[in-house]
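The values are calculated or read from the model by the stated rules, or taken from the named source; none is laboratory data. Keep in mind that what you see is a predicted model, and the values were worked out from it rather than measured. Positions of Cβ are generated from backbone atoms using ideal geometry, with glycine treated the same way; all protein chains shown enter the neighbour counts. Each accessible area value is taken on the protein alone, full model and side chains, heavy atoms only, with ligands, DNA and RNA left out. Shrake-Rupley method; radii C 1.70, N 1.55, O 1.52, S 1.80 Å.
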Amino acid sequence: MEYNFEEIEKKWQEYWRENKTYHVDIDHDKPKFYVLDMFPYPSGAGLHVGHPLGYIASDIYARYKRLKGFNVLHPMGYDAYGLPAEQYAIQTGTHPAITTEKNINRYREQMDKIGFCYDWDREVRTSDPHYYKWTQWTFIQLFNSYYCNKCKKAQPISQLVDYLSKQGTEGLDVACTKPLSFTAKEWNAMSEKEQQETLMNYRLAYLADTMVNWCPELGTVLANDEVQDGLSVRGGYPVIRKSMKQWLLRITAYAERLLQGLETLDWTESIKDVQRNWIGKSMGASVFFKVADKDIDFEVFTTRADTLFGVTFMVLAPEHEMIDQLTTDEQREEVVKYVTWAKNRSERERMSEVKKVSGVFTGSYAVNPFNGTRIPIWISDYVLMGYGTGAIMAVPAHDSRDFAFARHFNLPIIQVVAKPGEEPSDPATWTESFDAKEGVLVNSEFLNGLTVKKAILRMIEELEKLGIGKGKTNYRLRDAIFSRQRYWGEPFPIYYKDGMPYAMDESKLPLELPSIDAYKPTETGEPPLARAKNWVTEEGYPIETNTMPGFAGSSGYYLRYEDPHNDKEYFSREANDYWQNVDLYIGGAEHATGHLIYSRFWCKFLYDIGLSCKDEPFQKMVNQGMIQGRSSFAYRVNLEKMCEYDVWNIIKDKRLGVEFVRGFKDGRRQFDFFCPEKGILIEINRMGNLEKVAGAWQEYATSKGYKLLLVPNIDVLNDYRDGTNIVEQKIKDLIAGKEVPTFVDGMEYQRGIIFVSKNVKDRELFSDPIHVDINLVRNDILDIDACRKWRDDLHNAHFIKEKDKDGNDIFVCDWMVEKMSKSKFNVQNPDDLVLKYGADTLRLYEMFLGPLEQSKPWDTQGIEGTFRFLKKFWKLYTEVSDEPATKEELKVLHKLIKKEEEDIERISFNTVVSAFMICVNELTDMKCNKREILEPLAIMISPYAPHIAEELWHQMGHNDSVVNQKFPEFDASHVVENTFTYPVSFNGKKRFDIELPLDMKQDEVQNAVVNAPEAQKWLEGVTIRKVIFIPKKIINIVVG
RNA sequence: GCGGAUGUGGCGUAAUUGGUAGCCGCGCCAGACUUAGGAUCUGGUUCCGUAAGGAGUAUGGGUUCGAGUCCCUUCAUCCGCACCA
């Protein structure tokens, strides 16, 4: 019987659906395992072969764990809110829900064909009110919480209100936007509105005026990770900085926990590094500097308190609030000019002109607290308001940016750190700063002689003693902007009373997204929700018109899968106690600073309020690499270049008896070829171009006494096609002194693209590669007929072919690895492959391609190999016998059991496919058809190729699903050997093999090897110095 | 500039702890069968060399009886971050 994958796959997909094979429930008799794929956004383009890579890997892992006795949670759903559907809505008026639904159905259809073991009963969609009810609910909890720095967790805001009413801000240590200071009396005297305003300083979800990334084109605000190089990641539209009232999440409160938590996670170092970098913790000191002749001071943040004696100027960011106070009257005009200029620069300009030094002097001086030196205070945009205090102490000797600034404005440079063992030198002679992370302090009074590390500590000590500074930790992480001026997102459960926001009562949830007439912002620039009718509470208070960003719904989705139909709570205690967090999370690495950090924050908050039993969402994560496309190119002839090339081949090297030169120039005139001896000028070009210049050039030629030959490209091409050699004949006639018409109209030129095969000689001199559809190419050989039909403009294309070794004409294409994309005609669609080879082949091949984490090109041909393997596998089961298996057969099986277990556990899926192939090759050679081998083998391949496994399992007489079996136990006794074939090396170079019993002792082994006939040749004339014998590994004889 | 990753046949890769470099597959070569195919099967396939043999895991060096693997140097490619004080 043939391997009919089409029938088999359809049959079992239906069976699994009908029998709810993949439905899971809490089962306290089994350990749980949670395998999750990153939440997909259902884009309109559907899946290409790169998308299912991670899904197949997680599916294999999930199925494997199930065979190993785990109760495996493996759900799938959709991150259904997103910009593309909304952009489409704006353009066409189609409700984004309709577009999204359509895309989801397409995704689902594609996924179903691949045979995943998702429990679809648990599917969630972020745009479903049953789901976003809990997104809104979580937002309310964030709104009603603050972060206590002492107990290091979120607390109810009511507790803070209580505290403030009793003690004011005295002794308060909580996360806030700005440190405030007031007494209990003052607090109690505040109006309700004032109190609400004050609380905004502490809430974990708060409303504030912020500089945001505003994208006018998209009409919305974007998060930092949604902007790249001043352009929106989605769409590539310009982004400007703008101040707007926005909802923010106080993620900065969790900076330290987000950083520390990384240590407990089994993620790649590179992703952890990206997150560490994003959080950007730096430990240093905050120092207050007094301003000379004024009774004010200002604060700077530095990580290098040790270099305080090297400070020769101060720099403030142009947005610094004290600029006005610090600017002297003489400097005012210039300062205002500079600040205005700096503030109006776009983020893009500022970033692209990083190297340009600009700045202005305020006229004021700060005072060095230790030696009283007056330090000029400058303003420059190389200092950012958003980091630290927006003011720095500049140490030009040891900071490259300060150095550049000092040199530009001629400010002094003082060296305070010397390289260990080196004398300080004159900074005036330096060409760059010495960014000394290690070294010994000099010119620094009480710090002299200390190492950098010790000096920092000592300086902080001194600062604290004087009460003008203290050790401080700074984070680069910013609070997450949580408002979007869009329609297609979760509405905020917030209404406004007296201009102050209030959270709705939880009983009002979900607050459903209203329908509106158009999806654009209003004429007055308000978000689309402002178009909704009656967008007010029952009491008539207006409801927030912003919606939540994409990461709102995707931050806690993995928890909802644990209890997706719960109407009463986000998820039940019971479900969460059982399923806990995700054990294995598979997805791309591109979410490192977005989803993966927001989810961790979300989780930690839910942990703090006692909802999630774990404070990290994804215990182990694997980031699959990208699948790249293998594009095919045909070389397209550049007519000009080719014709010149052809003619040159006729005349070069005195082939026609006279010398020609290429590229002859006379003044502004330039000709392709020139023969000085006979005075012949030759120019090759398009007919049209030749006609234009013919008159003038003829005149020039006549005046010089030259003969002119203008050759239309077409003549050269005709020579090429029919070998008439008219061009050659013309040139010969000219040389012979005959009269030749300057140019003769050639035949009618049929416009058509000319292609040239890859290995045609000198092809690179006259052709350029263009993409051709990979479906037209097989083994790099182009199907010319198909290519002609592919595009209208190729109907009459001409192909210059080459010969293969049998003398057949073929057209060879070149290839290149690049991104898989429609425009490159290199997209492989999983549906097509499933149709042609079946899902099992596709699954195996995607894994076989290489290590999951690595990026690799998709080889269109390679899939045939795995297809052949499955056919070979199928054949093993043709007639299953009940005879007992032989020792060798058992050994083959158990080798595979061990290999598969070990490799799946270490996420090495590609090597398992190889191992299957080796096993099947060996069993085929042995003609093995024993049930004792084939039954466990069917179970073992089921994670990879579930359909064929299920079919064969049933064919062998079983009525239950292969999915519910147990993974076979490895029995080491089947693989023990009593002999080993040792490689014998001389001086580390392997010379021959020798089979020896494993229990042989060193001296016996030595004897056997030295006396082996193959060894004699290598022992001749040398002495044995040493014999290395490693049992079961190698024998190495050192001779000399 | 900083940080991370990767570099092995024509191609994708394998070699799990320092122990036979190139498993498995694609492609290619030869053969068998054939209704002469983009089917199937068998054998071969790192490079140089007829061979014996030699060379060989980006580069140069080191440690070791032994290095793709460990250490140092340089180069290339990819990714992330970037006036972050």
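Annotation: of all residues in the range A:846-863 being charged (D, E, K, R) and open to solvent by 20 Å² or more (accessible area, probe 1.4 Å), the one that is farthest from RNA strand B (Cβ to nearest atom) is A:Glu853.
Under the condition of being farther than 25 Å from A:Val827 by Cα and assigned to a loop (DSSP other than H, G, I, E, B), which residue from the range A:752-777 is most open to solvent (accessible area, probe 1.4 Å)? Restricting to residues being farther than 25 Å from A:Val827 by Cα and assigned to a loop (DSSP other than H, G, I, E, B), the top hit is A:Lys761.
Filtering the range A:979-999 to residues that are more than 9 Å from RNA strand B (Cβ to nearest atom) and either touching a Ser or Thr at 6+ places or on another chain (Cβ under 9 Å) or in a helix (DSSP H, G or I) (or both) leaves A:Ile994, A:Glu995, A:Leu996, A:Pro997, A:Leu998.
Only one of the listed residues (A:Val892, A:Val976, A:Val920) is within 16 Å of RNA strand B (Cβ to nearest atom) and not in a helix (DSSP H, G or I). That residue is A:Val976. Sort out which residues of the range A:46-71 are farther than 27 Å from A:Leu833 by Cα and open to solvent by less than 10 Å² (accessible area, probe 1.4 Å), and write them in order of number. Hit for the range A:46-71 is A:Leu67, nothing else. Only residues that are over 17 Å from A:Glu977 (Cβ atoms), assigned to a loop (DSSP other than H, G, I, E, B) and touching a strand residue (DSSP E or B) at 6+ places or on another chain (Cβ under 8 Å) were counted across the range A:1000-1040, and they come to 4.
Residue-by-condition table, conditions (1) in contact with a strand residue (DSSP E or B) (Cβ under 9 Å, 6 or more places away or on another chain); (2) outside the structural domain of A:Phe70 (by TED's automatic domain parsing); (3) free of Cβ contacts under 8 Å to residues at least 60 places away in the same chain; (4) basic (Lys, Arg):
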| site | (1), (2), (3), (4) |
| --- | --- |
| A:Asp498 | no, yes, no, no |
| A:Asp517 | no, yes, yes, no |
| A:Lys520 | no, yes, no, yes |
| A:Pro564 | no, no, no, no |
| A:Ala575 | no, no, no, no |
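Restricted to the range A:487-499, and to residues there that are part of a loop (DSSP other than H, G, I, E, B) and open to solvent by 10 Å² or more (accessible area, probe 1.4 Å), the residue that is nearest to A:Ala530 (Cα to Cα) is A:Trp488. Any residue at all in the range A:396-415 that is under 17 Å from A:Phe301 (Cα atoms), within 15 Å of RNA strand B (Cβ to nearest atom), touching a Gly at 6+ places or on another chain (Cβ under 8 Å) and in a loop (DSSP other than H, G, I, E, B)? So far as the range A:396-415 goes, no, none of its residues is under 17 Å from A:Phe301 (Cα atoms), within 15 Å of RNA strand B (Cβ to nearest atom), touching a Gly at 6+ places or on another chain (Cβ under 8 Å) and in a loop (DSSP other than H, G, I, E, B).
For the range A:901-914, filtered to residues that are in contact (Cβ under 8 Å) with a residue 60 or more places away in the chain and more than 8 Å from RNA strand B (Cβ to nearest atom), the residue that is surrounded by the most Cβ atoms within 10 Å (Cβ to Cβ) is A:Phe909.
Residue check: A:Asp960 meets all listed conditions (1) open to solvent by 10 Å² or more (accessible area, probe 1.4 Å); (2) without any contact (Cβ under 8 Å) to a residue 60 or more places away in the chain; (3) assigned to a helix (DSSP H, G or I); (4) out of contact with any Gly (no Cβ under 9 Å at 6 or more places or on another chain) but one, namely (3). Going by the conditions given, is A:Asp381 out of contact with any Asp or Glu (no Cβ under 7 Å at 6 or more places or on another chain) and either within 13 Å of RNA strand B (Cβ to nearest atom) or part of a loop (DSSP other than H, G, I, E, B) (or both)? The answer is yes for A:Asp381.
Evaluate the range A:595-607: report whether one residue or more is among the small types (Gly, Ala, Ser) and open to solvent by less than 10 Å² (accessible area, probe 1.4 Å). So far as the range A:595-607 goes, yes, one or more of its residues are among the small types (Gly, Ala, Ser) and open to solvent by less than 10 Å² (accessible area, probe 1.4 Å). None of A:Asp780, A:Asp785, A:Asp793, A:Asp804 is farther than 16 Å from A:Tyr635 by Cβ, in contact with a strand residue (DSSP E or B) (Cβ under 6 Å, 6 or more places away or on another chain) and either at pLDDT 85 or above or in the same structural domain as A:Tyr645 (by TED's automatic domain parsing) (or both) except A:Asp804.
For the structure I just gave you, tell me whether A:Pro946 is surrounded by fewer than 18 Cβ atoms within 10 Å (Cβ to Cβ), touching a residue at least 40 places away in the same chain (Cβ under 8 Å) and in contact with a Lys or Arg (Cβ under 9 Å, 6 or more places away or on another chain). Taking the combined requirement at face value, the residue does not satisfy it.
Would you confirm whether or not the range A:864-875 contains a residue that is part of a loop (DSSP other than H, G, I, E, B), in contact (Cβ under 8 Å) with a residue 12 or more places away in the chain, open to solvent by 70 Å² or more (accessible area, probe 1.4 Å) and under 20 Å from A:Glu951 (Cβ atoms)? Within the range A:864-875, not a single residue is part of a loop (DSSP other than H, G, I, E, B), in contact (Cβ under 8 Å) with a residue 12 or more places away in the chain, open to solvent by 70 Å² or more (accessible area, probe 1.4 Å) and under 20 Å from A:Glu951 (Cβ atoms). Within the range A:178-237, the set of residues being under 25 Å from A:Thr522 (Cβ atoms) and either in a helix (DSSP H, G or I) or not assigned by TED's automatic domain parsing to the domain that holds A:Ile494 (or both) comprises just one member, A:Glu226.
Within the range A:267-291, being part of a strand (DSSP E or B) and either among the aromatic types (Phe, Trp, Tyr) or within 9 Å of RNA strand B (Cβ to nearest atom) (or both) holds for A:Ser282, A:Gly284, A:Ala285, A:Phe288, A:Phe289. Going residue by residue through the range A:293-303, is there one that turns out to be within 12 Å of RNA strand B (Cβ to nearest atom) and polar (S, T, N, Q)? Yes, there is a match, as at least one residue in the range A:293-303 is within 12 Å of RNA strand B (Cβ to nearest atom) and polar (S, T, N, Q).
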